[in-house]
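Comments concern the structure below.
The values are calculated or read from the model by the stated rules, or taken from the named source; none is laboratory data. This is a predicted model, so every value here is computed, not measured. Cβ placement follows ideal geometry from the backbone for every residue including glycine, while neighbour counts extend to all protein chains displayed.
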Protein chains: 2
Amino acid sequence: MVKTHPMWDDYPNIQAHLVACLELIIEKTTIENKDIEKTVTALIESQGKLLRPAYFLLFSQLGNAQKAAYDNIIAAAASTEVLHLATLIHDDIIDEAALRRGNETVHSKHGQDVAVYTGDLMISVYFELLADATDSVEIIQLNTQSMKQVLLGEINQMTNAYDTAITFDTYLNSIKGKTAQLFELSCYEGAYFGQCKPEVIEQSGVIGQNIGIAFQMLDDILDYTQTPENLSKPVLNDVKQGIYTLPLILGLEADKDAFLPLLEKGEQLSDSDLADLVALLHEHDCIERAHGIAREYIDKALALIEQLLDQPEKEVLYTLTKTLLTKDY
Amino acid sequence: MVKTHPMWDDYPNIQAHLVACLELIIEKTTIENKDIEKTVTALIESQGKLLRPAYFLLFSQLGNAQKAAYDNIIAAAASTEVLHLATLIHDDIIDEAALRRGNETVHSKHGQDVAVYTGDLMISVYFELLADATDSVEIIQLNTQSMKQVLLGEINQMTNAYDTAITFDTYLNSIKGKTAQLFELSCYEGAYFGQCKPEVIEQSGVIGQNIGIAFQMLDDILDYTQTPENLSKPVLNDVKQGIYTLPLILGLEADKDAFLPLLEKGEQLSDSDLADLVALLHEHDCIERAHGIAREYIDKALALIEQLLDQPEKEVLYTLTKTLLTKDY
């Protein structure tokens, strides 16, 4: 049986459904070329947190869907993870990443050429799972629009690289696309496939967006606060690539002149420059203030979850979200 | 008004519909970033032959679809071109191509990073157009399967690169995927959206596959027979990239020992090596024999077109296919 991230050991119900999602994804990515299939399967089995299908499943449990709908729920939940995997495979080309979750990336193992098409292949699997899960063309349409927003978020982030005039709004807009959109979709669709009432479906989408924004902000803060060992990926990576995220944007707003001489070095930032940059951020309380802003989105998400009807599934949703977004980073 | 390739000047009816397709594609690729939008629009307007939507439209005219279905027909026809454009954008990353149809590629103008996501964006537009065109999830499903076959064809071609043991069957399998699949889909869907009878829809798919195979074989032959000026792209490009196509496969079958010393040079083939290779191919009649094989698929396609009911639309289909596939290369 496929193993999930150990965080799910405490939630055996969700864990069982997540395993079903992963097994379905593996089944759908069976291809003739066993070498490439193996690399993709390793990525699928690499114990990512599976947050998108997990939120899908949690919201689906708020509704009254009958057991008959189970296969559709698993297929649609799986589709959210597959779109995420497709963007990871394409991200790894862009970052020229050698490792992802401890495994060799498709890019490093089979070359950029194969990675481009393998990511595309995952996009076809994404729509295949969706079309398996639903007869509603509106749901397909919703997904094409969401996918577009994810990609435009990524493209905006790229075209704003090294722009020291970047504003909080531009940043927010970009993470709403590249990350929050897929969380929003997962929660919305979960409630939809779970046959929740229309107002619950709408609210689920809003909750998902707030979770997604907070999640990305916390991830962006981590890049400045963690050691490479704890994060199991390189740190201070964003700023080297010209991706200026929340802490740095707050720093630029507070004292642009202090940061500019460092940022003007662009890709040439040395380790000592990076240490100076982190020191400057701490001097201006940027990490703390970034946490404060993320906190607002977390609180919004938690408050909205509380407004949902009282049922055991709501408690899991609440606890999980709180744990996920407030654990000691 | 968007201009089409001059080949359509003789077919004003089809031309008008193709213009409608292009205008719809441009509308759907409106994005915030005007720089990238401009590059994509330039590609859309670059007067490609539009064979996939053209075949879609020609087959749709064999049926009895009412005027009310016109918007759906245009959207679905456009979707076939958009999938083609997505693969072109991703191909240009892989080939590191600077130009495509005389325009700077997305890759060369905005970098590989943007090109990966812009290609993905076109895939989302592809499914958006499809979901606009139909309420049938089966048609979406058919497209996910076709897209998968296209990508697996591309991946197979890559993983077989520089393999001097490549067989005709492997080659045929690869071009059935990467090229013929989308022609098959376009013809099949055209007949479907035109509300043809089930047996005509099936036959249209088979015709499309034969057209696609012949089209790719002729394109592969061109790489060996044309001057760069006539082809407006580099020639003898395939063999340098380790893509061994029909003429060379016939050569290897006929006299492997003669070709091996050249092919073993891999990427290091000099211009004089290439000239030797072409001479060897002519010595073994490989170009002529490759034409003969392509001819079989052309004849099959034309014979099947003749079997369709007698109507003026059939004549256009026949003449166009004959012209397209037998013009003096």
Just to be sure before I move on: is residue B:124 away from chain A (no Cβ under 14 Å) and in contact with a Lys or Arg (Cβ under 6 Å, 6 or more places away or on another chain) in the structure I sent? no
So residue A:132 passes all but one of these: (1) assigned to a helix (DSSP H, G or I); (2) more than 9 Å from chain B (Cβ to nearest Cβ). Which condition number does it fail? (2)
Meets criteria (touching a helix residue (DSSP H, G or I) at 6+ places or on another chain (Cβ under 7 Å), free of Cβ contacts under 8 Å to residues at least 40 places away in the same chain and either assigned by TED's automatic domain parsing to the domain that holds residue A:91 or not hydrophobic (A, V, I, L, M, F, W, C) (or both)) for residue A:41: yes
Would a scan of the stretch B:80-100 turn up a residue that is farther than 24 Å from residue A:121 by Cβ and either at pLDDT 95 or above or buried (at least 23 other Cβ atoms within 10 Å of the Cβ) (or both)? no
Listed residues A:127, A:168, A:193; which is surrounded by fewer than 16 Cβ atoms within 10 Å (Cβ to Cβ), among the aromatic types (Phe, Trp, Tyr) and either in contact (Cβ under 8 Å) with a residue 60 or more places away in the chain or in the same structural domain as residue A:26 (by TED's automatic domain parsing) (or both)? A:168
Give me a count of the residues in the stretch A:154-176 that are modelled with pLDDT of 95 or more and part of a helix (DSSP H, G or I). 9
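Matching residues to (1) charged (D, E, K, R); (2) under 28 Å from residue A:8 (Cβ atoms):
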| residue | (1), (2) |
| --- | --- |
| A:268 | no, no |
| A:285 | yes, no |
| A:291 | no, yes |
| A:305 | no, yes |
| A:310 | yes, yes |
Just to be sure I understand, how many residues within the stretch A:295-315 are exposed (fewer than 13 other Cβ atoms within 10 Å of the Cβ) and of a type in the set (A, V, I, L, M, F, W, C)? 2
With the first residue restricted to the stretch B:282-309 and required to be modelled with pLDDT under 95, and the second required to be buried (at least 19 other Cβ atoms within 10 Å of the Cβ) and not in a helix (DSSP H, G or I), Cβ contacts under 8 Å at 6 or more apart or on different chains are B:308/B:62; B:309/B:62
What number of residues in the stretch A:135-150 are without any contact (Cβ under 8 Å) to a residue 24 or more places away in the chain, part of a helix (DSSP H, G or I) and facing another protein chain (nearest Cβ under 7 Å)? 5
Restricting attention to the stretch A:279-294, report how many residues are in a helix (DSSP H, G or I) and surrounded by 16 or more Cβ atoms within 10 Å (Cβ to Cβ). 9
Might you let me know whether the stretch B:239-250 holds any residue that is aromatic (Phe, Trp, Tyr), modelled with pLDDT of 90 or more and within 20 Å of residue B:161 (Cβ to Cβ)? yes
Given (1) assigned by TED's automatic domain parsing to the domain that holds residue A:18; (2) at pLDDT 95 or above, number of the condition residue A:140 does not satisfy: (1)
Do the conditions hold for residue B:157, that is, is it surrounded by fewer than 21 Cβ atoms within 10 Å (Cβ to Cβ), closer than 22 Å to residue A:107 by Cα, more than 8 Å from every other protein chain (Cβ to nearest Cβ) and under 19 Å from the mean Cα position of the chain (by Cα)? no
Set A:299, A:276: member being assigned to a helix (DSSP H, G or I), among the acidic types (Asp, Glu) and closer than 19 Å to residue A:220 by Cβ: A:299
